[in-house]
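J.: Sharing a structure here in structure tokens format.
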Amino acid sequence: MTTVTNPANPRTTEESPKPRRRGLARFVRAAASSVAATLLSQAALIAVLAAEGAPWLASTCAFAAGAVLNFFLTRRWVWGRRGRPEPVRELLPYVLVIALGGLASVGLTTLAGRLLAPLHLPHFWWVVLLDAAYVLSYALVFVAKFTMLDRFVFDRGAARSPATTSRS
């Protein structure tokens, strides 16, 4: 954390608000990139479900579509990384982190599909409810994924863009 001397009392220090603002800005950018990835995922999910695909297949395709887009968006826009991704330091840990979220999403969507099956709902409502389960599962794991990506994947003391670090 960055501290600055309080000019009114040189013996005390105060926390600088800059790291908190940078963290909040990073979180907001991550949320926006997650929304973009979710929109792409939604298109894939609905397409597979509309074609009478199984919930596990639909959520797996949706997860894969969103994961690729989200990697490139978050790597560049959220954490300011450029160039080729480092396979061992960035790509593999990213895949592990999002795979946990993906498994949760696929599992919850599949569970919702099994719980809805005995209700014999019209196909339209079945798709709507499975889509809601998919989105809810992503909302539940977003904060955990952001924290893991921020702490263990992209924030390893490597060079950062001026938008995300200061020289102090």
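J.: Do the conditions hold for Ala50, that is, is it touching a residue at least 40 places away in the same chain (Cβ under 8 Å) and surrounded by fewer than 15 Cβ atoms within 10 Å (Cβ to Cβ)? First the steps, then the outcome.
T.: Working: touching a residue at least 40 places away in the same chain (Cβ under 8 Å): yes; surrounded by fewer than 15 Cβ atoms within 10 Å (Cβ to Cβ): yes.
So Ala50 passes the test.
J.: Also, I was wondering about something else. Do we find that Leu115 is over 14 Å from the mean Cα position of the chain (by Cα), over 18 Å from Ser34 (Cα atoms) and loosely packed, with under 13 Cβ neighbours inside 10 Å in this structure?
T.: Considered against the rule, which asks whether it is over 14 Å from the mean Cα position of the chain (by Cα), over 18 Å from Ser34 (Cα atoms) and loosely packed, with under 13 Cβ neighbours inside 10 Å, Leu115 comes out as yes.
J.: Mind checking whether some residue in segment 103-113 is modelled with pLDDT under 85 and outside any helix (DSSP H, G or I)?
T.: no
J.: Which of the residues spanning segment 82-108 are of a type outside the set (A, V, I, L, M, F, W, C) and closer than 18 Å to Lys145 by Cα?
T.: Arg89, Glu90, Pro93, Tyr94, Gly101, Gly102, Ser105, Gly107
J.: Ala62 passes all but one of (1) outside any helix (DSSP H, G or I); (2) closer than 30 Å to Arg114 by Cβ; which number fails?
T.: Just one mismatch for Ala62, condition (1).
J.: On to the next question. Please state which one of Arg75, Arg81 is assigned to a helix (DSSP H, G or I), in contact with a Lys or Arg (Cβ under 8 Å, 6 or more places away or on another chain) and surrounded by 15 or more Cβ atoms within 10 Å (Cβ to Cβ).
T.: Selected residue: Arg75, the only one of Arg75, Arg81 that is assigned to a helix (DSSP H, G or I), in contact with a Lys or Arg (Cβ under 8 Å, 6 or more places away or on another chain) and surrounded by 15 or more Cβ atoms within 10 Å (Cβ to Cβ).
J.: Give segment 32-47 a look and list any residue that's under 19 Å from His123 (Cα atoms) and open to solvent by less than 10 Å² (accessible area, probe 1.4 Å), or say none.
T.: Answer for segment 32-47, where residues must be under 19 Å from His123 (Cα atoms) and open to solvent by less than 10 Å² (accessible area, probe 1.4 Å): just Leu45.
J.: Also: Do you know which residues across segment 136-154 are part of a helix (DSSP H, G or I) and open to solvent by less than 60 Å² (accessible area, probe 1.4 Å)?
T.: Ser137, Tyr138, Val141, Phe142, Ala144, Lys145, Phe146, Met148, Leu149, Asp150, Val153, listed by residue number.
The values are calculated or read from the model by the stated rules, or taken from the named source; none is laboratory data. Because the structure is a prediction, the values reported are computed rather than measured. No Cβ is skipped: glycine too gets one built from the backbone with ideal geometry, and neighbour counts run over all protein chains shown. When the accessible area is computed, the model is the full protein with side chains, heavy atoms only, and any ligands, DNA or RNA have been set aside. Shrake-Rupley method; radii C 1.70, N 1.55, O 1.52, S 1.80 Å.
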